[in-house]
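S.K.: The structure follows.
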Amino acid sequence: MINFDEELKKYKPSLEVDQAEEAIQRNDLRDVVDIVEEMLQEFRNDPKRFKQF
């Protein structure tokens, strides 16, 4: 029979998971930067539209 407590003590996350997490976080940052760049471009094209801010 499997002793889950013992198995959990042996558990160590693989490096692949850590590497994937870092890549995902980096991609999210790029997405935010893309959104901000798009907003700036819209503002430059039509600044009167944003006069209320």
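The values are calculated or read from the model by the stated rules, or taken from the named source; none is laboratory data. These figures come from a predicted structure and were not determined experimentally. Methodologically, a virtual Cβ is constructed for each residue, glycine included, from the backbone with ideal geometry; neighbour enumeration extends over all protein chains shown. Surface areas here come from the heavy atoms of the whole protein model, side chains and all, with no ligands, DNA or RNA. Shrake-Rupley method; radii C 1.70, N 1.55, O 1.52, S 1.80 Å.
S.K.: Which of the trypsin sites (Lys or Arg not before Pro) across the chain are loop residues per DSSP, with 12 or fewer other Cβ within 10 Å?
M.R.: Qualifying residues, ordered by number: 51.
S.K.: Same structure again: Quick check: Cα centre of the stretch 32-53 to Cα centre of the stretch 3-31, how many Å?
M.R.: Comparing the Cα centres of the stretch 32-53 and the stretch 3-31, I get a distance of 37 Å.
S.K.: Sticking with this one: So if each residue of separation counts as 0.36 nm, and I subtract the Cα-Cα distance between residue 30 and residue 44, what length gain in nm does that give?
M.R.: On the way: separation 14, 0.36 × 14 = 5.04 nm, distance 2.09 nm.
Between residue 30 and residue 44, full extension yields an extra 3.0 nm.
S.K.: Follow-up question, since we're still on this one. Restricting things to alpha carbons, tell me how big the chain is in terms of Rg and Dmax, in Å.
M.R.: For the chain, the Cα-based Rg and Dmax read 22.9, 71 Å.
S.K.: Name the residue farthest towards the positive end of the dipole of the chain from the options 32, 43, 15, assuming +1 on Cβ of Lys and Arg, -1 on Cβ of Asp and Glu, about the Cα centre.
M.R.: Farthest towards the positive end: 43.
S.K.: Residue-wise, which Karplus ³J(HN,Hα) couplings in Hz belong to the stretch 14-21, taking 6.51 cos²θ - 1.76 cosθ + 1.60, θ = phi - 60°, and x for glycine or proline?
M.R.: The phi angles translate into 6, 5, 4, 5, 4, 5, 5, 4 Hz.
S.K.: Taking only protein heavy atoms into account and a 1.4 Å probe, give the accessible area per residue of the chain in Å². Could you put the intermediate results ahead of the total?
M.R.: Details: 5680 Å² over 53 residues.
I get 107 Å² per residue for this part.
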